[in-house]
Amino acid sequence: MLPSDCPISPLPRSAMLYCEIYAEVKPGLFSSEAKSQSSDRTMDLGLAEDHFSRPVDSFVASDIEQLKQAIEECKRLILELPEHSEKQKDTVVKLIHLRLKLQELKDPEEDEPNLRILLEHRFSKEKSKSVKQTCDKCSAIIWGLIQTWYTCTGCYYRCHSKCMNLITKPCVRSKVSHQSEYELNICPETGLDKQDYRCAECRTPVSLRGVPSEARQCDYTGQYYCSSCHWNDTGIIPARVIHNWEFEPRKVCRSSMRYLTLMISRPVLKLREINPLLFNFVEELVEIRKLRQDILLMKPYFITCKEAMEARLLLQLQDRQHFVENDDMYSLQDLIDISSGRLSCSLTEIHTTFAKHIKLDCERCQAKGFVCELCKEGDVLFPFDSHTSVCHDCSAVFHRDCYYDNSTTCPRCTRMTERKQDLPDEQDVGS
């Protein structure tokens with residue numbers, strides 16, 4: 001084994017290359033058949049040339065070929081030199097220098113554009129050098145210190161610069177834009193034979209026995225994928241949540257994982273149409289629906305109140321804008337937060353803040369309250385109060401007990417009807 005005190009620390013990017021080179025020469029270092037020669041053997045690795053500073057003119061192919069020859073000679077010599085000798089250490093350092101220079105010649109960072117568009121991906125060149133990532137194309141580690149890499153700003157697909165031209169998967173965000181709806185059948189498996197025993201995405205031959213490649217099932221699509229397209233990532237499956245109220249993460253392929261990640265905050269689930277019985281079994285859903293209905297009743301007060309607009313009260317729901325637009329659409333994140341109890345706490349707090357503004361803090365909003373015309377008693381009423389009922393025709397507010405005990409029609413509706421009947425008579429008199 002190479003000693004830990006090998007003098008490579010001054011090199012700014014050599015640590016990871018050292019591991020890679022060590023992996024290449026390790027079998028030879030421990031092989032009993034390794035050649036042993038005199039430690040004073042002279043060598044010529046082509047290091048006399050200045051390979052570590054960029055010349056004025058552009059590099060030609062001969063520069064790369066010379067470096068490759070020097071690298072091979074250096075690797076051969078490491079195997080021949082005595083283990084743990086000083087010359088072996090020096091040769092490893094020289095090999096690291098040569099490999100670094102070859103990488104710079106093959107993939108110069110300054111020649112790489114900052115933005116590249118491919119298959120609807122918008123790839124942005126990453127500047128981070130210390131973050132360890134994995135290439136989504138070749139499944140190899142991205143060494144930020146010595147390799148240029150890109151990330152799609154839409155779906156967060158990551159890859160080496162050298163892998164860019166090999167990408168065949170379009171950006172998942174385009175699918176989200178054109179197909180904003182979930183697969184609502186639980187793991188709709190069609191069978192590996194229907195896929196012709198090939199990966200559903202890249203068409204690589206797969207089998208359940210792992211020969212030539214292991215077939216891995218995606219719990220979201222129900223299809224089978226190869227290990228390059230399915231990394232055993234896990235995600236919450238919308239169909240299992242809606243039909244079984246189950247939130248256990250299941251294994252999904254890479255494209256499904258990205259799709260679910262981008263879709264998680266989109267309000268595309270209309271529960272009352274997909275599974276209305278869910279409200280009979282999940283009490284938290286009933287509570288959230290009532291809070292959302294109250295907030296929709298509060299909204300007209302805020303959009304006509306100057307103080308509320310200046311305080312930007314409705315922006316407290318900016319992360320869930322659909323809550324101020326309707327009361328029946330949910331996102332997958334909403335359902336996850338309902339299950340954990342987080343949404344109930346936060347929405348109750350916002351509901352209390354809104355009600356306090358209307359009923360206590362703002363005189364203008366207080367003036368828009370109602371007095372029960374059936375009993376003409378009690379405090380000022382608002383449509384979102386728990387003990388009130390609202391007329392479906394004229395939106396007048398009454399005490400709930402008064403409204404259901406009253407056998408006559410709504411007094412306000414009666415007045416409006418009489419007023420409309422009197423209007424033609426006044427027009428006739430005027431003519």
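The values are calculated or read from the model by the stated rules, or taken from the named source; none is laboratory data. The structure displayed is predicted, hence computed values, not measured ones. As a convention, Cβ positions derive from the backbone with ideal geometry for all residues, glycine included, and neighbour counts pool all protein chains shown.
Based on this model, can you work out whether GLY144 counts as in a loop (DSSP other than H, G, I, E, B), closer than 24 Å to LEU260 by Cβ and at pLDDT 75 or above?
So GLY144 fails the test.
Anything in the stretch 347-382 that is of a type in the set (D, E, K, R) and under 19 Å from SER395 (Cβ atoms)? List them, or say none.
Passing the criteria: LYS359, ARG364, LYS368, GLU373, LYS376, ASP379.
So which residues in the stretch 164-176 are touching a residue at least 60 places away in the same chain (Cβ under 8 Å) and either under 23 Å from ARG240 (Cα atoms) or not in a loop (DSSP other than H, G, I, E, B) (or both)?
Of everything in the stretch 164-176, those that are touching a residue at least 60 places away in the same chain (Cβ under 8 Å) and either under 23 Å from ARG240 (Cα atoms) or not in a loop (DSSP other than H, G, I, E, B) (or both) turn out to be VAL172, ARG173, LYS175, VAL176.
Which helices (runs of 4 or more DSSP H) does the stretch 287-401 wholly contain that include 1 or more residues that are loosely packed, with under 14 Cβ neighbours inside 10 Å and among the polar types (S, T, N, Q)?
332-340, 342-356
Kindly indicate which of GLU246, GLU283 is surrounded by fewer than 17 Cβ atoms within 10 Å (Cβ to Cβ), closer than 17 Å to CYS187 by Cα and free of Cβ contacts under 8 Å to residues at least 12 places away in the same chain.
Answer to the check: GLU246.
Which is charged (D, E, K, R), modelled with pLDDT of 95 or more and under 28 Å from PHE382 (Cα atoms), of ASP294, ASP334?
Selected residue: ASP334, the only one of ASP294, ASP334 that is charged (D, E, K, R), modelled with pLDDT of 95 or more and under 28 Å from PHE382 (Cα atoms).
Considering each of ARG400, ARG412, ARG364 in turn, give the residue that is basic (Lys, Arg), within 16 Å of MET298 (Cα to Cα) and at pLDDT 80 or above.
One residue alone meets the criteria, ARG364.
On the basis of being acidic (Asp, Glu), more than 19 Å from ASN185 (Cα to Cα) and crowded, with 16+ Cβ neighbours inside 10 Å, does ASP233 make the cut?
yes
Select from the stretch 249-280 the residues that are among the hydrophobic types (A, V, I, L, M, F, W, C) and either outside any helix (DSSP H, G or I) or crowded, with 17+ Cβ neighbours inside 10 Å (or both) and list them in ascending order.
VAL252, CYS253, MET257, LEU260, LEU262, MET263, ILE264, VAL268, LEU269, LEU271, LEU277, LEU278
Name the single residue that is surrounded by the most Cβ atoms within 10 Å (Cβ to Cβ) among those in the stretch 177-222 being of a type in the set (Ser, Thr, Tyr) and in a loop (DSSP other than H, G, I, E, B).
Once the filter is applied, the top-ranked residue is TYR220.
Scan (1) over 30 Å from PRO249 (Cα atoms); (2) without any contact (Cβ under 8 Å) to a residue 12 or more places away in the chain for the single condition SER346 breaks and write down its number.
Failed condition: (1).
Since PHE354 meets every condition but one in (1) among the aromatic types (Phe, Trp, Tyr); (2) more than 12 Å from LEU291 (Cβ to Cβ); (3) in contact with a helix residue (DSSP H, G or I) (Cβ under 7 Å, 6 or more places away or on another chain), which condition does it not meet?
Condition not satisfied by PHE354: (2).
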